[in-house]
Structure formats: C-alpha cells, structure tokens
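Taken together, the values in this text are just the output of simple stated rules run on the coordinates, not laboratory data. Quick caveat: nothing in here was measured; it's all calculated off a predicted structure. All Cβ positions, even for glycine, are placed from backbone atoms using ideal geometry, and neighbour counts span all protein chains on display.
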Amino acid sequence: MIVRSHFSFRKAILMVCIAYYNKKVEEREGSLINMNQYGYQQYKTQSINTMTQAEMLILLYDELIKRLTRAEIALKNQNYTAFDEAVTRCREIVRYLSSTLDKKYAISHELDRMYEYFQYELSRLSAGRKPEVIEEIKPLIIELRDTFKEADRINSANQKSK
C-alpha cells in the first residue's frame with residue numbers, strides 16, 4: 001500500500017474531522033447534541049475504527065470532493081467565509097494525503113507531484129476566487145478517487161481468491 005500504515009494516526013485525524021464537523025453542526029443549530037446524535041457519533045467512530053486503509057483513503061477523497069463542491073456553491077452565492085473555510089479544509093486534506101505517502105514506492109513521487117499541483121491550484125482558487133479552477137481540479141480528484149476505488153476492488157477480489 002502506498003500510504004504508511006499508521007492506522008491510529010489516520011483514525012485520529014478522521015475522528016478529529018468528525019468532531020470538527022459535529023462542532024460546526026452544533027454551532028449552526030445552536031443546540032447541544034442530543035442522545036440520538038451521541039449514538040450516531042459512536043457509530044461513526046466505530047466505523048472509522050473498522051475501516052481498511054483503502055476505505056480511509058477513499059473517505060478522504062470523498063471529503064475533498066465534498067469540500068470543493070461546498071466551495072463552488074459558496075462562491076456562486078458570494079458567501080466568502082464559507083468559501084474560505086471549504087478551500088482551507090481542501091488544502092489540509094491534500095497536505096495530509098501528501099504527508100502520508102510512503103516514498104519508497106515510485107508511484108508515491110508521482111502522487112506527491114500531483115498533490116503539489118492540487119495545492120498550487122487551491123492557492124490560486126483561494127486568491128482569485130475563480131470557479132474555473134474548481135472545474136479544472138475536481139475531475140482530476142474524482143478520477144484519482146475512482147482509481148483508488150478500482151484498485152481496492154481488485155485487491156479485495158485477489159485476496160478473496162487466495
């Protein structure tokens with residue numbers, strides 16, 4: 001696998017993401033998390049603890065795509081605060097993806113170059129607030145996510161046949 005096997009670190013990052021998201025939801029609603037939401041939080045935490053590396057990687061790509069979509073919508077609505085938050089989160093996810101690459105594989109260097117490109121484009125997006133930048137990088141990220149999904153599917157099929 002390309003990503004280092006620091007399961008606990010990745011799980012901690014994902015749990016922080018979930019906590020951050022729940023905090024934002026709580027702030028927007030202006031209320032405390034009730035018992036049903038607490039149960040849902042436990043369910044999400046348990047889901048993360050049982051994910052494979054590939055599932056966690058795909059989840060990060062899904063989150064990146066979701067944040068790009070939020071940035072796109074916020075830009076259309078001229079909600080620049082939400083736009084900046086979404087782009088900042090995108091940059092954090094790409095930075096994390098880059099930092100978890102295992103450099104002993106040749107493909108890791110290519111992925112790192114791609115992540116550098118994404119960082120550059122996200123910086124352009126943040127500075128220029130041009131939706132064309134999202135239109136350029138979003139399909140690339142979707143294609144990369146789909147490639148990892150396919151690789152995971154093939155890997156899972158190979159492991160089942162053994």
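Which whole-Hz couplings ³J(HN,Hα) result when phi for each residue of the range 51-56 is put into the Karplus expression 6.51 cos²θ - 1.76 cosθ + 1.60, θ = phi - 60°, listed in order with x for Gly and Pro? Whole-Hz 3J(HN,Hα) from phi for the range 51-56: 6, 7, 4, 5, 5, 5. Grab the other residues whose beta carbon is less than 12 angstrom from that of residue 132, score K and R as +1, D and E as -1, and report the net. In short, 0. Largest first and in whole Å, the equivalent-ellipsoid semi-axes of the range 52-161 read 28, 15, 11, each the square root of five times a Cα gyration tensor eigenvalue. Electrostatic bookkeeping for residue 113 treats Lys and Arg as +1 and Asp and Glu as -1; over the other residues with beta carbon under 14 Å from its beta carbon, the sum is -3.
The charge dipole of the range 100-149, taken about its Cα centre with unit charges on the Cβ of Lys, Arg, Asp and Glu (plus for the first two, minus for the last two), comes to roughly 140 debye. In this structure, the residue pairs whose Cα-Cα separation is over 31 Å, taken from 103/138; 66/103; 138/160; 104/130, are 138/160; 104/130.
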